[in-house]
1. Among the residues of the range 253-264, are any in a loop (DSSP other than H, G, I, E, B), over 30 Å from I60 (Cα atoms) and outside the structural domain of V198 (by TED's automatic domain parsing)?
2. Among the candidates A136, A89, A116, A147, which residue alone is modelled with pLDDT of 85 or more and either part of a helix (DSSP H, G or I) or β-branched (V, I, T) (or both)?
3. If only one of I45, I60 is assigned to a helix (DSSP H, G or I) and modelled with pLDDT of 80 or more, which one is it?
4. Which of the residues that make up the range 258-278 are within 19 Å of Y237 (Cα to Cα) and in contact with a Leu (Cβ under 8 Å, 6 or more places away or on another chain)?
5. Taking into account only those residues within the range 230-241 that are in contact with a strand residue (DSSP E or B) (Cβ under 9 Å, 6 or more places away or on another chain) and farther than 20 Å from R217 by Cβ, which is surrounded by the fewest Cβ atoms within 10 Å (Cβ to Cβ)?
6. Scan the range 4-16 residue by residue and report those that are surrounded by 15 or more Cβ atoms within 10 Å (Cβ to Cβ), of a type outside the set (G, A, S) and under 13 Å from I52 (Cβ atoms).
7. Of the numbered conditions (1) more than 14 Å from I218 (Cα to Cα); (2) in contact (Cβ under 8 Å) with a residue 24 or more places away in the chain; (3) surrounded by 15 or more Cβ atoms within 10 Å (Cβ to Cβ), V258 fails exactly one; give the number of that condition.
Amino acid sequence: MNRKSLGLIEGWVSIFINTVLFVLKMWAGISVNSVSMVADAWHTISDSLSSIVLVIGFCISGKHADEEHPFGHGRAESIVSVIIVTILAFVGLNFIKESVIKLRSHSPAVLELTGAVIFLVSAAVKELLAQFSFWAARRAESVSLEADGWHHRSDAVVSVLIVAGMFFGRKYSWIDGVMGLVVSFMILAAAYDMMKRVVGSLLGESVGKDLRESIIRILCLTEPRVKNVHHIHIHRYGDHVELTLHVILPGDMALDEVHGITNRLEDAVKAGLNMTVTIHAEPENR
């Protein structure tokens, strides 16, 4: 099974399961007048939005480069993500307002066995879905699939917390509003984390220490005459990564020899790190 197929299967399975769980959680939350349960239902459907972005990303980013998009279509997922995360942030802010209203009204949630069972089953299903996402991420070597897995796991944890709130709600009338605030802040935290990563990829990023060391190690092992590696810049377009860097070589080399060396260096980095590399060579005595 290829990378695109894994991404699409995980995405569509997530969309289906999250939509079913959203309907069940929303029904349970409305039936017992629980703002935290309703908030968690929206948290679950937000996972579907993330999975929709995932599906769109795998479909569009898989297109080949063309004249108008010489680096491919990988950043389409990032553009769609900005829209989805903005909507998610508004959902989180709205439920902060609903939770505050709930706290002021001192209206406790009613313990209802069916609702508790729904949320416990949801927690188990979302953890299984998280495990599937992690497996697909390892097979496809996909960070976005791994992130989707952690999103599922966070929803499973929240569902368990919601059930705990139901059991203690009669004794502590404020607990449902507090749990609603907890879920709301988790939604906002997820939105902030996603927005930070998306904006970071669009604006550009620095090369991390581990990646820099890996690049230099590959270059020096491939060509011991490399004296210095600098001006390392990385540009991500979804799964397609462009890397540019400068190397210093002995100044007495012939042009054709330098050309052959840079070609070998580019091939070595591409084979080791799966990046498209452009190397500029400079003479040592420059």
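1. Residues of the range 253-264 that are in a loop (DSSP other than H, G, I, E, B), as a first pass: 253-254.
Adding the requirement that they be over 30 Å from I60 (Cα atoms) leaves 253-254.
Remaining after also requiring outside the structural domain of V198 (by TED's automatic domain parsing): 253-254.
Within the range 253-264, one or more residues are in a loop (DSSP other than H, G, I, E, B), over 30 Å from I60 (Cα atoms) and outside the structural domain of V198 (by TED's automatic domain parsing).
2. Values: A89 fails: modelled with pLDDT of 85 or more; A116 fails: modelled with pLDDT of 85 or more; A147 fails: modelled with pLDDT of 85 or more.
Exactly one residue qualifies, and that residue is A136.
3. Numbers: I60 fails: modelled with pLDDT of 80 or more.
Just one listed residue meets the conditions, I45.
4. Initial filter on the range 258-278 (within 19 Å of Y237 (Cα to Cα)): 266, 269-278.
V269, L273, M275, T276, V277, T278 - these are the residues of the range 258-278 that are within 19 Å of Y237 (Cα to Cα) and in contact with a Leu (Cβ under 8 Å, 6 or more places away or on another chain).
5. Of the residues in the range 230-241, the ones in contact with a strand residue (DSSP E or B) (Cβ under 9 Å, 6 or more places away or on another chain) are 230-236, 240-241.
Filter again for farther than 20 Å from R217 by Cβ, leaving 235-236, 240.
On the way: H235: 15, R236: 19, H240: 17.
That would be H235.
6. L8, E10, V13, I15
7. The number of the failed condition is (2).
Residues are listed down the side, and each one gets a yes or a no for (1) touching a Gly at 6+ places or on another chain (Cβ under 8 Å); (2) surrounded by 15 or more Cβ atoms within 10 Å (Cβ to Cβ):
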| position | (1), (2) |
| --- | --- |
| W174 | no, no |
| M179 | yes, yes |
| G200 | no, no |
| E266 | no, yes |
| A271 | no, no |
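The values are calculated or read from the model by the stated rules, or taken from the named source; none is laboratory data. Bear in mind the structure is a predicted one, so any value in this text is a computation, not a measurement. When we count neighbours, we look across all protein chains shown, and the Cβ atoms used for this are built from the backbone with ideal geometry, even at glycine.
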